[in-house]
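Okay, structure first, notes after.
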Amino acid sequence: MAIWTHYYIPQTLDEALSLLCREPQSKAIAGGTDLLLELQQGRHPPVRTLVDLSQIAALQRLEMSQGALWIGASVPLNRVIAWPPVRHFATALCEAISLIGGPQVRNVATLGGNVAHALPAADGAIALLALDAQVLVASPEGQRLQPLLACYAGPGKTALQRAEIIVAFQVPACEKEEASAFRRVMRPQGVAIAIENMGIWLRRKDERIEDIRIAVGPSGPMPFRARQTEQVLRGKPLDEETLAEAEKVLKSEARFRTSPHRATAEYRYHLAGVLLRQTLQTAWERTQLNFAEELGPLSVKG
Amino acid sequence: MKWVGQSVHRVDAVGKVTGETLFPGDVNLPNQAYMKILFAQRPHAIIRRIDTSKAEALEGVIAVFTAKDVPNNEYGLIMPDQPVLCGPGSNKPYADRVRFIGDQVALVIAETEEIAAKARDLIEVEYEDLPVVTDMVAAMQPDAPLLHPDRGSNVFCHYRIRKGDVEEAFKRCDVIIEGEYRTPSQEHAYLQPEAGVGYIDEEGRVTIQVAGQWTHEDQEQIAHALNLPLEKVRVIYPAIGGAFGGREDMSIQIVLALAALRLHERGINRPVKIIWSREESIIGHHKRHPFLIRAKWGATKEGKVIAAEMQLIADGGAYAYTSTKVLGNATLLCTGPYEIENVKVDSYAVYTNNIPTGAFRGFGGPQALFAAETQMNRLAEALGMDVVELRLRNVLREGSLLSVGTPLPKGVSIAQVIEECAKAAGWQQTEDGWKRPPKPQNPAPHLWRGIGFACGFKNVGFSFGYPEQCWATVELYGGAEIERAIVRHAGADVGQGAHTVMAQIAAETLGIPLERVRLVLSDTALTDNSGSASASRMTFMAGNAIKKACEAALEKWRAEERPVMIRYQYRPPATTPFDPQTGKCEPNFAYGYVAQAAEVEIDTETGHVRLLRVVSADDVGKAVNPIQVQGQIEGAVVQAAGYAVLENFVQKDGYVLTQHLSTYLIPSVLDIPERVDSLILEYPDPLGPYGARGVGEMPFLPLTPAVIAAVHDASGVWFSEFPLIPERVLRGLGKLKPLPAS
């Protein structure tokens, strides 16, 4: 059963943008691992034209520049995972995308698609939010750099227009005393979307947390920054008293709900405490490592 | 032996690995049309009117068929209680009603699948909804809505066992354990959803190529519904992508044949093809029976179980399918592989508006043994006695009487099987009896580990008086030596490797190289009735039929007959049905015996239960192909692990809420036990071919109670309900508050 009529593979960004402007019922496609399934199952409005973004050089970028990682929006996840700077300077992101799908899915799935699909618990997006990534968006009017959450309009609903394309993500590289970690709970193992996930970035000063960012999914309609919890933790030592207070605040500010047959809200609130403690502890321990060389193997499922 | 006992390559390996082998969905015939089925999608209603005019008017639509087009609108493996198509104009009463969401209402045949789907959605059906009953206990009440008004009750099967006097015996018990157990449904989730083609063959037979478990039973069901003589119906099985009992009943067989026949009658001679989506498959075929089991067992302080009282209720769903047989098996197995002097069992199968339930690997055994073995483990705890020691003081031995008052057939090995399994799992035999290994160390404060033990037994072959039989035909060609042997057999290879075993047994018996055996398989026009690939029976039944046919053929060959042709029917010793009052019977002619130990780890923070190691000791009599036996053991353990821990089939008010494999979770490679030690034991069955028993179901049976016991060992908590999904575990551990009683 054909689920599209025309399929274009443009070589440049301009070409892609003009195709998306010109063609009615058009849609950009990268790995297609979510999109094709939704089209096939009738959960997406029908499309006539698919515009493939996999051959555009600007979207294939992978480089370190001025203290930031630039990750092209249509680089397959397995290539991102294999790129050493991601593992060293954006560890949470490396951990998160290593858990997306199985190896076959990661061979084609992209970070651009992960964000454009706009799910509130997308592993890539949760990690990007914790790492304070900026998004480079191209439109017929030109390119702009915007915060990640500006790409979201609601659950599964992107704020991007049809003729707008995510070009790349700018992810600040962790510096000395900074580290990040990502955890998720899922069933079954390996191929499921998260029941709950969490990304944490922090900067340590001596025995205190100097600065921290916590991202949680699925809490509310889009990836959620636990700002009140961050505030509780800022400037504090990582002791039981702080943790207990942080856990309490996280459970009050997060908005978990029940997904039939996957998890009740009650279970998710319980897990929030578990994930907070585990992820925080891992990130904290990583700040003591002298960067990548000592990082050791991540729990990357291959 | 040269061939029996060797792990030869499967006869179907090369074709499957290279992709040359055709599964039913791969079979395409010239000029074929495509069929889609309109499912009821509502749990209980009378169909007042069906208007197919818009569908028929759509360009590309060839035909639309409804109930009035079915010659004899009923079918069913045990009793014909299900309409082929539900709707007005049937020749049977009450066939105008739908009783579960997967009931079939109309067939659309069109030039393409897309057109057929579009036309299906244009069919207008006027329903008058009826009250829905989905709780099996509620369905038993006198005022419950009746699913089959002509039957007068939703209870469609009841068995009784009365042996000794349980009331008197309980008075003599030092320990009594009572429990109420609930078991979940389960989806077969075979790789290949239902698919096939239907056409009129060159000899004018209505022919279908589908995946099933018993060609000749499919043939009979089709002939019955189409009012055709048997010989006018032909059923062929191409390669089959898994079955597990889920293809025992009809899904697309009758409607494919009906479509081919009715088109032919209209002068349209085109094959009809259908492939179900996964979602259609999940609502379209039956599930494993959920059971509610109430148990009361008593033992003396010496560790002798002297009384067991059981009540079993099985949710049969909307139609009987094989429920009566499943219930019979559960009734027999619900007191475990033990000799208990006083037994009282009452068991019931009940109609509800849930998806029908039927055959699934273990056939009532897993549910019954979950209760029996958990009772046994709890009795051991209450007695302060080791679980292996308690079992060995009670197990069935040669000559022991079953609950149904008769001894087992010769070759009872459960005691040896328990001992072998216990030893491999670290138990030790001391002067004071058997002692369990030390509790495994917890790797972290929140990761708790434990070990559990359970055992069981499973009949091989059809039970309770069924006229069990299996045909084989052997032809020998050559001059001085046998150059070619042709074995004709209908037995289905559902993936378990039955055809390889057939070839091995033929080569062994004839004393010829395996390559000289040619198999002609699974076609009612070319092979005789073999019975079903179920009840763990194919090695035993086909093996005996082929072995005896080969022996007879060899005799003629030695008498210089050329070529030789022998057609042989194997019939095992007769069995008898339950006595309606006491249950007394000779239920089976053969059994396999099994014991398992499981080591688990509970993450007490997330509630996840992980299986670290499973030891499965299985007496298969003789492993005709040891690596295939190992495959069966590992496959059954993985499927049972899904049943125990992960798989959660949810229905609400008659609707399936887990209709995709993204919501009905089966184990991934990362969820399965880290290690499965298969102990293949070979205590020969006196009647089995080369001593073989059967293996398909046994390793599924004791895993859940073993896991439940291991979780108890780790946490101190007995779970009486599963799957052990994280939230259930955390609630059990007191980390989440209990759910309000529903």
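A short reminder: the numbers here are calculations on the coordinates, not readings from a lab. As the structure is a prediction and not an experimental result, all values here were calculated from the model. Ideal geometry is used to build each Cβ from the backbone, glycine not excepted, and the neighbour counts take in all protein chains shown.
Summary of values
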{"read-out": "Chain B: relative contact order in percent, alpha carbon pairs under 8 Å with at least 6 residues between", "value": "15"}
{"read-out": "Neighbour cut-off at most 10 other Cβ (10 Å), DSSP loop, GluC sites (Glu not before Pro), the stretch B:282-389", "value": "B:Glu302"}
{"read-out": "Rounded to whole Hz, the Karplus (6.51, -1.76, 1.60) HN-Hα couplings of the stretch B:683-691, x for glycine and proline", "value": "9, x, 7, x, 9, x, x, 6, x"}
{"read-out": "Solvent-free Debye scattering, log10 I(q)/I(0), computed from the Cα coordinates of the stretch A:6-52 at q = 0.13, 0.14, 0.26 Å⁻¹", "value": "-0.27, -0.32, -0.94"}
{"read-out": "Anisotropy class of the stretch A:164-225 from Cα gyration tensor, a/c 1.5 cut", "value": "oblate"}
{"read-out": "Amide proton proximity set for B:Gln186, modelled H, under 5 Å, gap of 5+", "value": "B:Arg288"}
{"read-out": "Spin-label pair B:Glu111/B:Arg562, simplified geometry with 7 Å Cα→Cβ offset, distance in nm", "value": "5.9"}
{"read-out": "Mean-position separation - Cα centroids, the stretch B:600-635 and the stretch B:376-450, in angstrom", "value": "17"}
{"read-out": "Other protein chain Cβ atoms within 10 Å, averaged over every residue that makes up B:598-608", "value": "3"}
{"read-out": "Filter on B:Lys171/B:Lys423; B:Lys16/B:Lys622; B:Lys163/B:Lys304; B:Lys584/B:Lys622; A:Lys205/B:Lys735 - keep pairs with C-alpha separation over 24 Å", "value": "B:Lys171/B:Lys423; B:Lys16/B:Lys622; B:Lys584/B:Lys622; A:Lys205/B:Lys735"}
{"read-out": "Three-way shape call for the stretch A:32-190 based on the alpha-carbon gyration tensor, with the a/c threshold at 1.5", "value": "oblate"}
{"read-out": "Per-selection Rg to Rh, the protein assembly as shown - Cα, Kirkwood hydrodynamic radius", "value": "0.99"}
{"read-out": "Fraction of antiparallel bridges per DSSP, the protein assembly as shown only, in percent to nearest 5", "value": "80"}
{"read-out": "For A:266-275, mean number of other protein chain Cβ atoms within 10 Å", "value": "4"}
{"read-out": "Residues with amide H under 5 Å from that of B:Tyr338, placed H, sequence gap 5 or more", "value": "B:Leu396"}
{"read-out": "Additional length obtainable on full extension of the chain from A:Tyr7 to A:Gln25, 0.36 nm per residue less Cα span", "value": "5.3 nm"}
{"read-out": "Using a Förster distance of 45 Å, the FRET efficiency for A:Arg257-B:Ile268 (Cβ separation, nearest 0.05)", "value": "0.25"}
{"read-out": "Other-chain or far-sequence residues with amide H under 5 Å of B:Leu408's (modelled H)", "value": "B:Gly399, B:Ser400, B:Leu402"}
{"read-out": "Selection from A:Val249, A:Pro223, A:Gln278, by position along the positive dipole direction of the stretch A:195-286 (Cβ)", "value": "A:Pro223"}
{"read-out": "Sites B:Lys92 and B:Arg278 - FRET efficiency at Förster radius 45 Å, r taken between beta-carbons, to 0.05", "value": "0.90"}
{"read-out": "Electrostatic dipole magnitude of chain B [Cβ: Lys, Arg +1; Asp, Glu -1; Cα centre; debye, to 20]", "value": "620"}
{"read-out": "The stretch B:470-486 - phi-based ³J(HN,Hα) in whole Hz, Karplus 6.51/-1.76/1.60, Gly and Pro as x", "value": "7, 9, 8, 10, 10, 10, 10, 10, x, x, 5, 10, 6, 8, 8, 10, 9"}
{"read-out": "Calculated diffusion of chain B, Stokes-Einstein form, Kirkwood radius summed over Cα pairs, 4 °C and 1.567 mPa s, µm²/s", "value": "49"}
{"read-out": "Furthest towards positive pole of dipole, B:Gly433, B:Ala372, B:Leu401, structure part the stretch B:368-440, Cβ charges", "value": "B:Ala372"}
{"read-out": "Qualifying lysines (Cα of each under 17 Å from Cα of B:Lys118; at least 8 residues distant if same chain)", "value": "B:Lys36, B:Lys54, B:Lys273"}
{"read-out": "Extreme residue, positive dipole direction of the stretch A:6-52, given options A:Tyr7, A:Leu17, A:Pro46 (C-beta unit charges)", "value": "A:Pro46"}
{"read-out": "For chain A, the spread of Cα positions along each principal axis, largest first, Å", "value": "59, 45, 35"}
{"read-out": "Between helix A:13-22 and chain A: long-axis angle, C-alpha atoms, 0 to 90°, nearest 10", "value": "60"}
{"read-out": "In sequence order, calculated HN-Hα J values of the stretch B:598-612 (Karplus, 6.51, -1.76, 1.60; Hz; x Gly/Pro)", "value": "10, 10, 10, 10, 9, 8, 6, 8, 9, x, 6, 10, 10, 8, 8"}
{"read-out": "Debye, to nearest 20: dipole size of the stretch B:137-185, +1 on Lys, Arg Cβ, -1 on Asp, Glu Cβ", "value": "200"}
{"read-out": "Sorted by Cβ neighbour density within 10 Å, fewest at the top, the residues B:Thr663, B:Thr335", "value": "B:Thr663, B:Thr335"}
{"read-out": "Rounded to whole Å, sorted largest first: equivalent-ellipsoid semi-axes of the stretch B:31-130, Cα gyration tensor", "value": "23, 15, 11"}
{"read-out": "Relative contact order (percent, whole number), the stretch A:195-286, Cα cutoff 8 Å, 6+ residue spacing", "value": "28"}
{"read-out": "Mean residue ellipticity (222 nm) of chain B, computed from DSSP H runs ≥ 4 via -39,500 (n - 2.57), nearest 500", "value": "-7000 deg cm²/dmol"}
{"read-out": "Size of charge dipole - the stretch A:58-172 - debye, nearest 20, with Cβ of Lys, Arg +1 and Asp, Glu -1, no other charges", "value": "180"}
{"read-out": "Percentage relative contact order, chain A, counting C-alpha pairs under 8 Å, at least six apart", "value": "16"}
{"read-out": "B:Leu739-B:Ile46 FRET efficiency (beta carbon distance; Förster radius 30 Å; 0.05 resolution)", "value": "0.25"}
